[in-house]
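Readers should treat all values here as calculations from the given coordinates under stated rules, not as data from a laboratory. Since the model is a prediction, treat every value here as computed from it, not as a measurement.
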Amino acid sequence: MPRKVDRSSLQGEVLEIFKAAIKSPVTRDVYERRLLNFLGHLKMTPEDFLYMAKKNPGTAEKKIISFAFDLKERNEKGEIAAGTVHNCVKCVRLLLEMNDIFLNWKKISRILPKVRRYALDRIPTTEEIREILDASDVRSKALTLLLLSSGLRESAIEMLRIGHYMPIKEMAQQWLGV
């Protein structure tokens, strides 16, 4: 569901092609909000920014780099993730490319922070597991032990059915090789 943001400045021919390039309504909502954030940073309308980018691409690059530096600073403070910085710049790139304005994106992307491509997950310690189990009711204890012992992801639980479970006796026979 789109957030309540004043999108009145996102009207006009230059933005229709930008909106048409985004198929998903959820993605469109996010891109529009991020574009409004960028334009608010510059204190410009979309038409003014595109006109300036067409007439002087170097100035447009500098404005985008300035915006990227501000986002990078927020990333270094831990306010936003590096991926968010990339996503905020992506909507500006789409706007420009859909309006046939091509900048040196290789130069701009080198300024952006490096995105971490892995999670910071770790296995809980025995003590942490004990604390979780002590604070849980019987159903939650069973679920916690199932997740820990099987390696299932939390989202896979809802797909499990009774038929997926082997009777305990059959499992024991398999394990013991009897």
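Under Stokes-Einstein, with the Kirkwood radius over Cα pairs as Rh, the value for the stretch 13-111 at 37 °C and 0.692 mPa s is 239 µm²/s. Computing mean projected area of the Cα convex hull in nm² directly from the structure and comparing it against [x] 9.7; [y] 16.7; [z] 14.3 singles out [y]. Among the listed pairs Lys23/Lys107; Lys19/Lys55; Lys63/Lys107; Lys72/Lys107, those with a Cα-Cα distance over 19 Å are Lys23/Lys107; Lys19/Lys55. Relative to the longest principal axis of the Cα atoms of the chain, the long axis of helix 46-55 makes an angle of roughly 60 degrees.
Full extension of the chain between Arg161 and Asp48 yields a length gain of 34.9 nm, computed as 0.36 nm times the residue separation minus the alpha carbon distance.
Note on the stretch 67-84 and the stretch 120-141: Cα centroid distance 33 Å, given to the nearest whole angstrom. Give the Debye-formula value of log10 I(q)/I(0) at each listed q (0.20 Å⁻¹), with one equal scatterer per alpha carbon of the stretch 60-101, two decimals each. Listed by q, the Debye log ratios stand at -0.60. For the chain, the longest principal axis of the Cα atoms and the long axis of helix 25-42 meet at an angle of about 50 degrees.
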